[in-house]
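Reviewing the structure listed below.
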Amino acid sequence: EAPPTGGRSYLSAGATYLCRMKFLAHLCRVVVGAVFVFSGLIKLNDPVGTQIKLEEYFEVFAQDWPASAPFWEALVPYALLFSVLLCSLEVLAGVALLVQWNLRRTSWFLLALCTFFAFLTFYAAFFNKVTDCGCFGEMIKLKPWQSFYKDIALLALLLVVLWRRKDFAQPRTGWAVGLAALACAGLGVYAIRHLPPYDGLAYAVGQHIPTNQKPSEPLRFEYVMERGGETYRFEQYPTDTTLKFREMILLNENAKPRITDYRLWDDSTDFTQESFRGKKLFFIVQDIHKAHTGTMDDVKNLLTSLRGTDVQPVVLTSSPRAEFEAFRRQHGLTALPFYFADFKVLKTILRTNPGLWLLRDGTVRGKWSYLDVPTKEEILEKS
């Protein structure tokens, strides 16, 4: 005897509901996994950039909680190691989620990681401490509040994954996570010892530095004024003296100059504009105490070989003059002119210490790590 029509309809509705829930759970799993893999790979492409961001957070915490300052200061020398480990964990957890490996533990780990990131971004946004969270490295810039809302959305998706975790299979895909671990280690080491495979910075090859120092379009502002408890907004500063100024908001923030702090100097000369004239090969030594000097003979031979060509070798450093003078004498660089620059600027120009940076009329023509010293012929060809 056939079951009642109502029963058949009820079973069909229940099956449809389960299918929809299963689809939703898999969708959440794929989205979260893809976001973590993408985020981790972007930062692992440039672990030194993530190191700089971590050091910025350590500095903020040390200032805000003076009692714990020694702890945060003690972490600074290990910021690069933390950078590689954190970025690798993001990638591995994302891969594990995508291939459904050890799903329960992976989901709980990602939930804890998202909660931690949400705290960091909320703290940065609420107290206006770190204006760029660094969640997607230098490729995608997010403001702290945007990053916080992103973390909350990921938390919600992860809760769905945990709620419906019985809907997922448990395939033997540990090998995929193992391969991902090897790939992360290789990418991180390569980016640190050589240069990031993808350079999205304003000093990358092909970039024109003077252009990046200018706004891409005229900056537009909104002026927020107040009178009698009411708020008024103007795109031109008002002449009404009864209005009280509250704040000025930049409307087209993306138009801001990409470079605002590039400056080269010595005791008596500003070399900034001169650096954009002609062909110049800069040998950059950010910090002489942390510089890798194993290839200094190759660098010295290259710089010396350029005499008589139209490429001018110049040395840049952020180390104190007296210390750098001793470094120059030790490595036979006394015949070359040298100038000073801010440490963060040099670290943004070149992620390795030391390294080479080639300019022609202000356009970047080449960048090399201390391990990849080019030949004279290569410099002349690229310049």
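Summary of values
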quantity	calculated
5 angstrom amide H check on Leu316, placed H, neighbours 5+ away	Phe283, Ile284, Val285, Tyr339
Approximate spin-label separation Glu253-His289, in nm, with each point projected 7 Å along Cα-to-Cβ	3.6 nm
Accessible surface of the stretch 242-291, 1.4 Å probe, proportion on carbon and sulfur as whole %	45 percent
Net charge of neighbours whose Cβ lies under 15 Å from the Cβ of Phe148, counting Lys and Arg as +1 and Asp and Glu as -1	+2
Only Lys, Arg (+1) and Asp, Glu (-1) charged, at Cβ; the chain dipole about Cα centre in debye	1260 debye
Highest-first arrangement of 206-212, 348-354, 309-315, where packing means the average Cβ count within 10 Å	348-354, 309-315, 206-212
Distant alpha-carbon pairs in the stretch 155-268 (separation over 22 angstrom), percent	71 percent
Of the DSSP H helices in the chain, those whose Cα atoms cover at least 27 Å axially and whose Kyte score averages 1.6 or more	79-98
Gain in span if fully extended, Trp65 to Ala34, counting 0.36 nm per residue against the direct Cα distance	7.6 nm
Heavy-atom SASA rank of Glu325, Glu377 (probe 1.4 Å, accessible area, largest first)	Glu377, Glu325
Estimated FRET transfer efficiency when R0 is 35 angstrom, pair Ala335-Thr363 (beta carbons, to 0.05)	0.85
Value of relative contact order over the chain, rounded to a whole percent, pairs C-alpha under 8 Å and six or more apart	15 percent
Magnitude of the charge dipole, the stretch 164-297, Cβ model with Lys/Arg +1 and Asp/Glu -1, debye to 20	800 debye
Probe 1.4 Å, all protein chains present, accessible-area order of Thr317, Thr242, Thr260, largest first	Thr260, Thr242, Thr317
Cβ-derived FRET efficiency at R0 56 Å, Leu18 paired with Phe245, nearest 0.05	0.40
Spin-label model distance (nm) - Tyr190 vs Glu222, 7 Å beyond Cα toward Cβ	4.5 nm
Cα-Cα over 18 Å, subset of Lys53/Lys143; Lys347/Lys367; Lys150/Lys256; Lys300/Lys344; Lys141/Lys256	Lys150/Lys256; Lys300/Lys344
Global form of the stretch 233-359, assessed from the alpha-carbon gyration tensor, a/c cut-off 1.5	prolate
Solvent-accessible heavy-atom area per residue, rounded to whole Å², over the chain at 1.4 Å	54 Å²
Nitroxide proxy distance, nm - points 7 Å out along Cα→Cβ at Phe127 and Leu179	4.4 nm
Calculated FRET efficiency for the pair Gln236/Thr260, C-beta based, R₀ 30 Å, to 0.05	0.75
For Cys135, solvent-accessible area (1.4 Å; no DNA, RNA or ligand), Å²	20 Å²
Neighbour net charge for Gln63 - beta-carbon separation under 13 angstrom, K R +1, D E -1	-4
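The values are calculated or read from the model by the stated rules, or taken from the named source; none is laboratory data. Computed from a predicted structure; not experimentally measured. Ideal geometry is used to build each Cβ from the backbone, glycine not excepted, and the neighbour counts take in all protein chains shown. To get the accessible areas, we keep the full protein, side chains included, count just its heavy atoms, and leave off ligands, DNA and RNA. Shrake-Rupley method; radii C 1.70, N 1.55, O 1.52, S 1.80 Å.
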